[in-house]
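Have a look at the structure below before the remarks.
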Amino acid sequence: MKKTTLRLALLALTLVLALAQAACAEPSEALKGVYDALLSADSSYSQIKAVYTEYFPGIQYEETLGDDSFTLTVTGNEDAAGSWTFTQSGDDLTVDLAPEDYYGLGQMSSVVDALCRYLGMNRSVVNGYIIGLNAHDQQSACYGMTSDEKGTHVRMRIAGPWDMPELSEMLLDEKALDFFDPLGADDTSMAANCGKVMMVTNGNVNDATILLGEYGGLDELALKSLTNVVSALKPKGYEDFLKDYTALEDAKAAGYTVSLNVGIDAAREIIDDASPDYSYALIHFGA
């Protein structure tokens, strides 16, 4: 066989093998794991899908898994319609969202839920971590969000559980509580989550209950967060609280009480899905 003919034969064989490899390509174990978790019966995505399907006749959902991505498509409802492709790029899963694509942000949240399920991470902590990074326009090795006039690009680590050293500095600060207004005469409910600290408040300026929780145990982050929450909400008696409550401890004063490390049953009277992975404090302002 002539050398030229041999080279052509080898080139053709290389091309055939490359095409065969491409044809047999399959999604990575991580990509398929997240996709399967997304479609599990009790996932956030499946629950939202069930609600929308029930209340919006004609809406249709379609999920497609490819070699390096999966696509979520919604049709039949102009408010929720769209298509979102989550692509694996190395160790990351990425998605591009159009400007003001709020439903797309909801889809991303459902994918974060699936990612936590697959990697065995606490969903509330991961959400708080993301909120903390976004509130301060920060990125990390595990997560990043960048936005401009063209839209929003999001990346999240898919290769393994997240390292989140920034959690040790995250708390409910002014940026995390930026949307809070002081309590008024009418009853209201508000919630916030940043890093490993969360809070829920119910009531009004004269009678308010705050549930504060921290993943792994209450510490100085909880104390600083509580001080910031009370400063933002300004319940009756808050001035005395800010002046006198300087250490994380049980307390009973004329205008407030603080009970640390309350049981999970007490926490679930405030929020049904209170996690036993958190330690909780109950703070009450009023008579």
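Overview of values
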| item | result |
| --- | --- |
| Subset tally (residues that are surrounded by 20 or more Cβ atoms within 10 Å (Cβ to Cβ) and within 18 Å of L282 (Cβ to Cβ)) for the stretch 185-202 | 6 |
| Options T152, T146, T188, T201: the member that is of a type in the set (V, I, T) and in contact with a His (Cβ under 7 Å, 6 or more places away or on another chain) | T146 |
| Residue within the stretch 70-80 that is in contact with a strand residue (DSSP E or B) (Cβ under 6 Å, 6 or more places away or on another chain), at pLDDT below 95 and among the hydrophobic types (A, V, I, L, M, F, W, C) present | yes |
| Those residues of the stretch 43-59 which are surrounded by fewer than 12 Cβ atoms within 10 Å (Cβ to Cβ) and either modelled with pLDDT of 95 or more or in a helix (DSSP H, G or I) (or both), in sequence order | V51, E54, Y55 |
| Residue match in the stretch 247-268 (condition: surrounded by 14 or more Cβ atoms within 10 Å (Cβ to Cβ), assigned to a loop (DSSP other than H, G, I, E, B), within 28 Å of the chain's Cα centre (by Cα) and not hydrophobic (A, V, I, L, M, F, W, C)) | no |
| Answer residue from the stretch 65-111, given it is of a type in the set (S, T, Y), part of a strand (DSSP E or B) and touching a residue at least 60 places away in the same chain (Cβ under 8 Å) and is nearest to S147 (Cα to Cα) among those | T94 |
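The values are calculated or read from the model by the stated rules, or taken from the named source; none is laboratory data. Because the structure is a prediction, the values reported are computed rather than measured. Ideal geometry is used to build each Cβ from the backbone, glycine not excepted, and the neighbour counts take in all protein chains shown.
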